[in-house]
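Before any comments, here is the structure.
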Amino acid sequence: MFDRTGLAKSFTRWKAVTLTTVFLTSLLSAPRSGADDRNPFAGDAKAAKAGEYQFRINCALCHGLGAKGGGRGPDLTRVVKKHTHNDADMFQVISNGIAGTAMPANGTNGQGVGMTDEEIWQIITYIRSQEVKASAKSAGDETHGKQLFYGDANCSVCHMVEGKGGRFGPDLTSVGGSRTREALIESVRNPSRRLAWGLTEATKEFPQEYESVTAVTADGKKIRGVTLNEDSFSVQVMDMAGQIHLLEKDKLQSFQKSRESMMPVYGTDTLGDQELEDIVAFLVRVGAK
């Protein structure tokens, strides 16, 4: 005869065991927190040295040697970072990447270089050893710097910050977080020494490099600007007024390229040292958001 009572008891025991198994599984697979998120190599000079080696191989292409920032990745020597607040955050960013940015997942399950947890912690130890521990107080006045950027210094004629300004030069919204103060000053005083990356398009993982071009049309009109898109037969050029020209190469009298920046050199007679410090302070503040 069918034993409903025995079946009910068996089902109850099975349910209890199943729920316990599910709970333990979820507990073991949940993201680590608390003490487990602490860097096991914190303050370890030997681990920092190993991390420097890993950083040079896997990270320096974007973040620069010494972690001071490059054309693609931010300066990591600053104590305050845009996407991380502690070592655990940094571990997750390196391991899993940042969606919508050029930062790839670099953990063993990612599409990047596939670093182990130990290697990631060593890199974090190295980055911490490189951080600027001194006061983060800027030498510039960011409020005055903003006024200069959009006013007398004419920066916004060519450059955009947070959607406001020109498109001829690079968007500078994030440059204060990706370049050092020294690099920003150099780009103003000697703009052709290290040219920035070019205009970004949604279909490109990384922007192309800026190239200055001078084209002379069939009727003798001279057009100077930067290339946006180019193939074997045509080229798109944006001039300093922001106007875009689509040119057919075989109909041009001449077409010359240059890696010389079209940005004018700002000497101290044009832009004083303190004024430049103020503009840099403004860009650093915006880039840290």
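Here each label is just a point 7 Å from Cα along the line to Cβ, and for Ser234 and Glu248 those points are 1.0 nm apart.
If you take all other residues with their beta carbon under 14 Å from the beta carbon of Gly163, and give Lys and Arg +1 and Asp and Glu -1, the sum is +1. Packing here is the average count of other Cβ atoms within 10 Å per residue, and on that basis the peptides 81-87, 142-148, highest first, run 142-148, 81-87.
The alpha carbons of the stretch 212-258 occupy a box of 23, 22, 18 Å along the principal axes, longest dimension given first.
Structure note, pairs Lys82/Lys146; Lys68/Lys222; Lys46/Lys68; Lys82/Lys164: Cα-Cα distances above 31 angstrom occur for Lys68/Lys222. For Ile123, the shell of other residues with beta-carbons less than 12 Å away shows a net charge of -2, using +1 for Lys and Arg and -1 for Asp and Glu. The separation of the stretch 233-253 from the stretch 142-167, counted between C-alpha centres, amounts to 27 Å.
Across the stretch 212-258, the relative contact order, built from alpha-carbon pairs under 8 Å that are at least six residues apart, equals 40 percent. Using R0 = 41 Å, the C-beta based FRET efficiency linking His85 and Tyr150 works out to 0.85. Charged neighbours of Thr108, selected by a Cβ distance under 14 Å, balance to -3 (K, R count +1; D, E count -1).
FYI, it's all coordinate maths here, none of it is from the lab. The model shown is predicted, which means the values in this text are computed figures rather than measured ones. Neighbour counts run over all protein chains shown; Cβ positions are idealised from the backbone, glycine included.
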